[in-house]
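One structure below.
The values are calculated or read from the model by the stated rules, or taken from the named source; none is laboratory data. Predicted, not measured: the structure shown is a model, and the values here were computed from it. FYI the Cβ positions are ideal-geometry reconstructions off the backbone, even for glycines, and counts take in every protein chain you see. For accessibility, only protein heavy atoms count, side chains too; no ligands or nucleic acids. Shrake-Rupley method; radii C 1.70, N 1.55, O 1.52, S 1.80 Å.
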Amino acid sequence: MPDLPKNMEEVKIEPLKLEGTAYVQKPLELWNSRKPPKLGFLGTWRGGIYTLTAPTGTGKTAFALVLALSVAAGQDLLNIGIDKPGKVMLCLGENPDETLEKLWCAALSYGIPLAEVEDNLHIVQGVYKPEAIANAMRQYGGGFDLLIIDTLSVFMGLTEGMELNSNSDVLGFLNACRVEFRKDGNPTVFMPAHPTKGATEKGKMIPFGAGSILNQIDGNFCFTSSGNDRVVLRKVGKLRGTFRHDLYFKLEYAKHDSLRDDDGQKLELPVMKPDQRGPTKRQVEMLKYLVGKRLGHNQAARELSEVCECSESTAGRELKYMKDQEWIEQEKSGQFRQYRVSSAGSEWLD
């Protein structure tokens with residue numbers, strides 16, 4: 001068996017071989033040479049390319065900024081399992097001046113001194129090709145853990161000669177990202193993206209552009225609103241990794257004395273905060289329906305499936321999840337148990 005590469009950075013994709021015999025390996029041989037995969041944030045695969053698709057105003061950039069701070073500082077600000085510091089390259093192509101103000105606001109809101117992330121957080125303003133970004137990472141020592149490109153449409157759309165609706169251009173851009181970014185550190189690549197035109201539902205929250213975007217990336221997250229500036233992070237379309245459960249966040253607005261406009265007025269800017277307890281819009285609808293009722297599991301699932309226009313099995317899973325979150329509880333009535341909305345669940349109905 002040929003020597004295995006020491007790490008993924010050394011792996012090179014060989015050209016198609018039209019002659020000779022393909023090299024075959026047996027299961028035990030492969031198992032004995034197995035190396036555990038490296039996972040990044042949210043259960044993503046290290047070196048993968050992921051998008052976060054959401055409409056304007058839902059907080060995708062705010063989330064990306066706190067994620068950058070969280071990794072750079074090694075603090076789990078978003079309650080997503082970050083437990084050690086890492087190097088971050090933050091590329092701001094869409095409204096960089098405004099985005100920097102949001103970054104400062106997030107750092108102040110979370111109490112992260114800029115000096116604490118000085119060595120780990122590297123910021124690029126403007127739109128560059130993947131090769132130029134990779135050159136910058138090498139210039140600053142390589143070994144980056146996270147690369148954020150804000151946004152996919154801006155970086156690709158403003159790259160000379162590339163069309164976001166062209167499958168061949170999308171393939172060329174994303175392949176260039178894989179080849180260039182894998183050379184030094186093999187960071188996880190995270191790209192906030194705009195959704196397809198008119199997308200408002202979870203299942204349609206895929207990146208705007210050619211269909212090959214979804215084929216070529218390793219996964220797509222999306223934000224959907226659950227009301228009151230609360231959003232739910234989900235996977236949509238595909239996801240290579242271990243992310244399985246919805247996560248909840250809240251977009252808050254903060255002011256700080258050191259952040260003012262040129263007239264001296266304090267700026268009020270959005271900051272993403274964890275909100276792990278928050279129900280989704282559909283779960284709120286279910287809670288409202290259950291108020292004042294006493295229903296067994298099967299009857300509740302049947303009625304909720306009609307009210308919320310989903311399958312009974314989906315309604316059943318939602319009931320189980322809401323019970324686990326203690327938004328509903330079961331009371332014994334004779335030989336049966338019936339659901340009722342708990343005081344914790346009622347708090348979300350105000």
Taking His245, is it modelled with pLDDT of 90 or more and not in a strand (DSSP E or B)?
no
Members of the stretch 249-278 that are free of Cβ contacts under 8 Å to residues at least 40 places away in the same chain and of a type in the set (A, V, I, L, M)
none
Name the residue, out of Gly198, Gly209, Gly219, Gly237, that is of a type in the set (Gly, Ala, Ser) and modelled with pLDDT under 85.
Gly198
The residue that is modelled with the highest pLDDT, considering only those in the stretch 322-350 that are in contact with a Phe, Trp or Tyr (Cβ under 9 Å, 6 or more places away or on another chain) and of a type in the set (Ser, Thr, Tyr), is Ser342
Residue under question is Gly237, and the condition is that it be at positive phi, open to solvent by 10 Å² or more (accessible area, probe 1.4 Å) and assigned to a loop (DSSP other than H, G, I, E, B); does it hold?
no
Can you pull out every residue in the stretch 60-74 that is open to solvent by 10 Å² or more (accessible area, probe 1.4 Å) and either basic (Lys, Arg) or within 11 Å of the chain's Cα centre (by Cα) (or both)?
Lys60, Thr61
With respect to Glu285, is the statement that it is under 23 Å from Gly111 (Cα atoms) and of a type in the set (Asp, Glu) true?
no
Give Lys332, Lys288, Lys323 a once-over and let me know the one that is over 20 Å from Leu247 (Cβ atoms) and touching a residue at least 12 places away in the same chain (Cβ under 8 Å).
Lys288
Identity of the residue in the stretch 18-48, out of contact with any Leu (no Cβ under 7 Å at 6 or more places or on another chain) and assigned to a strand (DSSP E or B), that ends up modelled with the lowest pLDDT:
Leu39
Note on Glu329: of the conditions (1) more than 17 Å from Glu347 (Cα to Cα); (2) open to solvent by 20 Å² or more (accessible area, probe 1.4 Å), unmet is (1)
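Residues are listed down the side, and each one gets a yes or a no for (1) open to solvent by 10 Å² or more (accessible area, probe 1.4 Å); (2) in a loop (DSSP other than H, G, I, E, B); (3) more than 24 Å from Leu267 (Cα to Cα); (4) of a type in the set (Gly, Ala, Ser):
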| position | (1), (2), (3), (4) |
| --- | --- |
| Tyr50 | no, no, yes, no |
| Asp76 | yes, yes, yes, no |
| Ile82 | yes, yes, yes, no |
| Glu116 | yes, no, no, no |
Could you list, in sequence order, the residues of the stretch 170-183 that are surrounded by fewer than 19 Cβ atoms within 10 Å (Cβ to Cβ) and of a type outside the set (Lys, Arg)?
Leu171, Gly172, Asn175, Ala176, Val179, Glu180
Just a yes or no: is a residue in the stretch 201-214 assigned to a strand (DSSP E or B) and either in contact with a Ser or Thr (Cβ under 7 Å, 6 or more places away or on another chain) or open to solvent by 20 Å² or more (accessible area, probe 1.4 Å) (or both)?
yes
The stretch 118-144, residues that are assigned to a loop (DSSP other than H, G, I, E, B) and out of contact with any helix residue (DSSP H, G or I) (no Cβ under 6 Å at 6 or more places or on another chain):
Glu118, Asp119, Gly126, Tyr128, Lys129, Tyr140, Gly141, Gly142, Gly143
Gly141: passes all of (1) out of contact with any Asp or Glu (no Cβ under 8 Å at 6 or more places or on another chain); (2) of a type outside the set (D, E, K, R); (3) surrounded by 23 or more Cβ atoms within 10 Å (Cβ to Cβ) but (3)
Among residues of the stretch 98-114, those that are over 16 Å from Lys273 (Cβ atoms) and either open to solvent by less than 20 Å² (accessible area, probe 1.4 Å) or free of Cβ contacts under 8 Å to residues at least 12 places away in the same chain (or both), counted
4
Among the candidates Val170, Val189, Val231, Val236, single out the residue that is β-branched (Val, Ile, Thr) and free of Cβ contacts under 8 Å to residues at least 60 places away in the same chain.
Val170
